[in-house]
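The values are calculated or read from the model by the stated rules, or taken from the named source; none is laboratory data. No experiment lies behind these values; they were computed from the predicted model shown. Neighbour counts run over all protein chains shown; Cβ positions are idealised from the backbone, glycine included. Areas reflect the complete protein model, heavy atoms only, side chains present, ligands, DNA and RNA absent. Shrake-Rupley method; radii C 1.70, N 1.55, O 1.52, S 1.80 Å.
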Amino acid sequence: MPVQRDPLIRGSGLTSPRVRERLIERLQAAGIRDARVLEAIRRTPRHLFVDEALAGRAYEDTALPIGHGQTLSQPYTVARMSEAILRDGVPGKVLEIGTGSGYQTAILAHLTNQVFSIERIKALQDQARERLRLLERFNVRLRHADGWQGWSAHAPYDAILVAAAPDTLPPRLVEQLAEGGRMVIPVGPQGGTQKLLMIRREAGELREQVLEPASFVPLISGALA
Ligand code: SAH
């Protein structure tokens, strides 16, 4: 695995494998049980997804700024959403909205066959692309577009993961969910009560389950940056 050989990827000091293992223990203590998810987190160097100045905090279980007013999600949240996506089996095709740093994208690329990911801020997308290349996660396609619209050319998706919160469920995303598919999405106002929802399409019907309270940056509709 290149992950173990390259010193940059392997990390040292506060980014060493030992420090990373402590994050795994913290996630287990917080209730993350899926061994596949824990292994994906173990093998994905989070310190490469933030600015060098923040690398020493990369294995704390906390959200970190990635510029442009955006944040890299907390590891617990990434783990929880990934677990929810995998619960009924490994999805073949996943759509992610809000690539951001590319960290959750890299985890999904490790866990599933094919990942399509949309980001509205071009500069973030460019950085994410570089990181995914460095980590040799090649089963990912990135697109600079408005995630509200989904990515109809590759629909339907077995799973959809949304990393930013809309006020209501975006109808185009719901349309692009395959029969038997599941979507994990935070819904609710900024600064108000957001809920992390699991939406499943079963026998043509949508079923909604609240997973837990959430706190995400807004899903912005329309204008690209
Ligand atoms: N999973 C990412 C989280 C990034 S924060 C990570 O771990 O780094 C959410 C991201 O959603 C931001 O990068 C933001 O620019 C993006 N976003 C917000 N509205 C969007 C939209 N309509 N379409 C695509 N991306 C959007």
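Quick notes
- Shape of segment 58-129, Cα gyration tensor, a/c cut at 1.5: oblate
- Residue-averaged 222 nm ellipticity for the chain, from DSSP H runs of 4+ at -39500 (n - 2.57), nearest 500: -8500 deg cm²/dmol
- Loop GluC sites (Glu not before Pro), segment 78-145, which have at most 14 other Cβ atoms in a 10 Å radius of their Cβ (DSSP): 136
- Segment 101-171: relative contact order in percent, alpha carbon pairs under 8 Å with at least 6 residues between: 33 percent
- Sulfur and carbon atoms: percent of accessible area, the chain [1.4 Å]: 50 percent
- In summary, the convex hull built on the alpha carbon positions of segment 63-214 has an orientation-averaged projected area of 8.2 nm².
- Rounded to 10°, Cα long-axis angle of helix 75-86 versus longest principal axis of the chain: 50 degrees
- Charge dipole (debye, nearest 20) of segment 63-214; +1 at Cβ of Lys and Arg, -1 at Cβ of Asp and Glu: 300 debye
- Relative contact order [Cα under 8 Å, 6+ residues apart], the chain, whole percent: 14 percent
- Translational diffusion coefficient (Stokes-Einstein; Kirkwood radius from C-alpha pairs) of segment 65-105 at 25 °C, 0.890 mPa s, in µm²/s: 215 µm²/s
- For residue 88, solvent-accessible area (1.4 Å; no DNA, RNA or ligand), Å²: 90 Å²
- Summarising the label geometry, the points placed 7 Å from Cα in the beta-carbon direction at residue 167 and residue 209 lie 2.9 nm from one another.
- Rolling a 1.4 Å probe over the heavy atoms of the protein chains gives the chain an accessible area of 45 Å² per residue.
- Debye equation applied to the C-alpha atoms of segment 1-47, log10 I(q)/I(0) at 0.14, 0.17, 0.29 Å⁻¹: -0.33, -0.47, -1.08
- Angle in degrees between helix 17-29 and the longest Cα principal axis of the chain, rounded to the nearest 10: 40 degrees
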